[in-house]
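A short write-up of the structure that comes next.
The values are calculated or read from the model by the stated rules, or taken from the named source; none is laboratory data. Because the structure is predicted, anything quoted here is derived from the model rather than measured. Cβ coordinates were reconstructed from backbone atoms using ideal geometry, including for glycine residues, and neighbour counts include every protein chain displayed.
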């Protein structure tokens with residue numbers, strides 16, 4: 001007996017599962033294993049749609065099947081940054097890991113970051129262990145719901161745990177913009193979303209910081225800057241082997257197609273048009289950071 005069908009097990013129709021991954025082939029494999037017993041198994045592999053997929057699916061169980069625990073943490077933290085406490089609706093998170101990550105995965109679960117882990121890579125003969133982990137998670141949810149009618153509300157303990165995670169792995173962003181008002185707005189948005197932020201008012205200042213300080217995880221670069229403009233700055237950054245790997249998102253007050261095309265040709269990974277909504281900015285940041 002190798003699967004749920006051969007054992008004539010009843011199918012689970014009232015639970016929603018979401019498989020999140022950075023590889024479509026891995027997500028498809030996990031979904032195929034779960035489809036044997038569960039009717040509602042969804043996949044999310046587009047980093048830019050990660051938050052929308054999660055909110056649309058509203059999973060009871062989230063299965064993190066990323067290539068590396070750090071990516072699973074980044075994804076999870078991205079959900080928290082976008083949704084805050086709303087992201088803590090009742091569900092359970094299972095992280096899949098490789099044989100060299102078991103100890104780290106165990107510690108993350110002990111700390112309350114994830115609810116359970118499973119050694120998944122390399123695949124073993126016990127593929128049904130994944131379904132068992134989901135069943136145990138669902139049992140836990142049902143037990144909690146039956147004993148506490150208000151259990152669907154966010155838990156302060158979970159919120160505290162995610163805040164600790166945010167503080168531990170908060171990415172550092174460098175904002176390059178010559179307007180003090182933009183520094184103030186972006187500083188508020190980004191710090192509220194648990195990012196560390198550095199500011200520069202010119203390309204010269206930004207390049208000086210990049211060569212003297214710890215490298216940021218991402219750069220937000222305005223196009224219209226005094227002296228050297230943002231496009232030329234990106235070209236210089238991408239020509240420097242030490243800096244070339246830093247993703248750059250361009251900020252512009254115009255949605256002119258030629259400017260947007262020039263931004264991408266210079267080496268930017270994305271762009272955002274000012275004035276922008278905070279949810280759009282945070283979505284683009286999550287997308288860029290998850291692709292690192």
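Condition check ((1) touching a strand residue (DSSP E or B) at 6+ places or on another chain (Cβ under 6 Å); (2) modelled with pLDDT under 95; (3) assigned by TED's automatic domain parsing to the domain that holds residue 136) across all residues:
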| position | (1), (2), (3) |
| --- | --- |
| 7 | no, yes, no |
| 26 | no, no, yes |
| 40 | yes, no, yes |
| 44 | yes, no, yes |
| 57 | yes, yes, yes |
| 66 | no, no, yes |
| 80 | no, yes, yes |
| 96 | yes, no, yes |
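Among the residues of the range 213-240, those that are out of contact with any helix residue (DSSP H, G or I) (no Cβ under 9 Å at 6 or more places or on another chain), surrounded by fewer than 14 Cβ atoms within 10 Å (Cβ to Cβ) and modelled with pLDDT under 95 comprise 213, 214.
Determine whether the range 257-269 contains at least one residue that is more than 16 Å from residue 47 (Cβ to Cβ), assigned to a strand (DSSP E or B) and touching a strand residue (DSSP E or B) at 6+ places or on another chain (Cβ under 9 Å). No, the range 257-269 contains no residue that is more than 16 Å from residue 47 (Cβ to Cβ), assigned to a strand (DSSP E or B) and touching a strand residue (DSSP E or B) at 6+ places or on another chain (Cβ under 9 Å).
When residue 108 is tested against (1) part of a loop (DSSP other than H, G, I, E, B); (2) under 17 Å from the mean Cα position of the chain (by Cα), exactly one condition is not met: (1).
Yes/no per residue for (1) within 18 Å of residue 68 (Cα to Cα); (2) modelled with pLDDT of 95 or more; (3) assigned to a helix (DSSP H, G or I); (4) more than 20 Å from the chain's Cα centre (by Cα):
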residue: 125; (1), (2), (3), (4): no, no, no, yes
residue: 135; (1), (2), (3), (4): no, yes, yes, yes
residue: 145; (1), (2), (3), (4): no, no, yes, yes
residue: 152; (1), (2), (3), (4): no, no, no, yes
